[in-house]
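Report on the structure given below.
The values are calculated or read from the model by the stated rules, or taken from the named source; none is laboratory data. A quick note: this is a predicted structure, and the numbers were derived from the prediction, not measured. Counting neighbours? That spans all protein chains shown, and the Cβs are built from the backbone with ideal geometry, glycine included. Side chains included, ligands, DNA and RNA excluded: accessible areas come from the protein's heavy atoms. Shrake-Rupley method; radii C 1.70, N 1.55, O 1.52, S 1.80 Å.
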Amino acid sequence: MDCIFCQIASGKIPGDIVYQDQEIIAFRDINPKAPLHLIIIPRKHIPSLDQLKESDAALVGRMVAVANRLAKDEGVAEKGYRLAVNCGTEGGQLVPHLHIHLLGGRQLSDSLG
Ligand code: AMP
Ligand code: ZN
């Protein structure tokens, strides 16, 4: 498997990991777009939002819960933060392994596109 996020999850390549459990792992983005920029992924290789199955609903719910907890732990929850998921080419997705971006620590742009 040459997926870069699978390789971070399995420890084959290093990542600045801030959280992990049996299903989910979170690490700092290598090219941060904000003072806080974390990536939250499932350990399981799901290529994109578009590939989600109904049976993945609880997993995605847990990913959001982990993101919210990290926002608190990293001190951005009070002022505000953004969760974003890019899907597919026109959605701006570069890494084909489902991930949530957690951005915070500055006033974010009001433009989403
Ligand atoms: P996306 O465009 O939504 O697919 O976002 C992919 C994100 O992964 C980008 O923000 C990249 O900076 C980040 N990224 C790519 N490779 C790595 C890596 N090895 N470690 C941490 N973040 C990475
Ligand atoms: Zn993967």
> If you take the residues in the range 1-31 that are out of contact with any Phe, Trp or Tyr (no Cβ under 8 Å at 6 or more places or on another chain), more than 16 Å from ligand 2 (Cβ to nearest atom) and under 18 Å from residue 77 (Cα atoms), which one is least open to solvent (accessible area, probe 1.4 Å)?
Replying inline: 19
> If the Cβ limit is 8 Å and pairs must be 6+ apart or interchain, which residue in the range 84-106 that is assigned to a loop (DSSP other than H, G, I, E, B) pairs with which residue that is among the β-branched types (Val, Ile, Thr) and within 13 Å of ligand 2 (Cβ to nearest atom)?
Replying inline: 95/4; 97/4; 97/41; 97/46; 98/41; 98/46; 99/39; 99/41
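Provide a single number: the residues in the range 20-53 that are in contact with a Lys or Arg (Cβ under 8 Å, 6 or more places away or on another chain) and either under 15 Å from residue 95 (Cβ atoms) or not in a loop (DSSP other than H, G, I, E, B) (or both).
Within the range 20-53, the subset in contact with a Lys or Arg (Cβ under 8 Å, 6 or more places away or on another chain) is 22-25, 34-35, 37-39.
Add one more test, that the residue is either under 15 Å from residue 95 (Cβ atoms) or not in a loop (DSSP other than H, G, I, E, B) (or both), and what stays is 24-25, 37-39.
Here the count works out to 5.
Out of the residues in the range 32-49 meeting the condition of being within 16 Å of ligand 2 (Cβ to nearest atom), open to solvent by 40 Å² or more (accessible area, probe 1.4 Å) and touching a residue at least 24 places away in the same chain (Cβ under 8 Å), tell me which one is farthest from residue 69 (Cα to Cα). Give the steps one after another, and end with the answer.
Within the range 32-49, the first condition is being within 16 Å of ligand 2 (Cβ to nearest atom), and the residues that meet it are 39-49.
Restricting the remaining residues to those that are open to solvent by 40 Å² or more (accessible area, probe 1.4 Å) gives 43-45, 47, 49.
After this cut, where a residue has to be touching a residue at least 24 places away in the same chain (Cβ under 8 Å) as well, the list is 43, 45, 47, 49.
Details: 43: 18, 45: 23, 47: 24, 49: 22 Å.
Checked the range 32-49; the qualifying residue farthest from residue 69 (Cα to Cα) is 47.
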> Inside the range 76-112, can you point out the residues that are surrounded by fewer than 14 Cβ atoms within 10 Å (Cβ to Cβ) and more than 14 Å from ligand 1 (Cβ to nearest atom)?
Replying inline: 78, 79, 80, 106, 107, 109, 110, 111
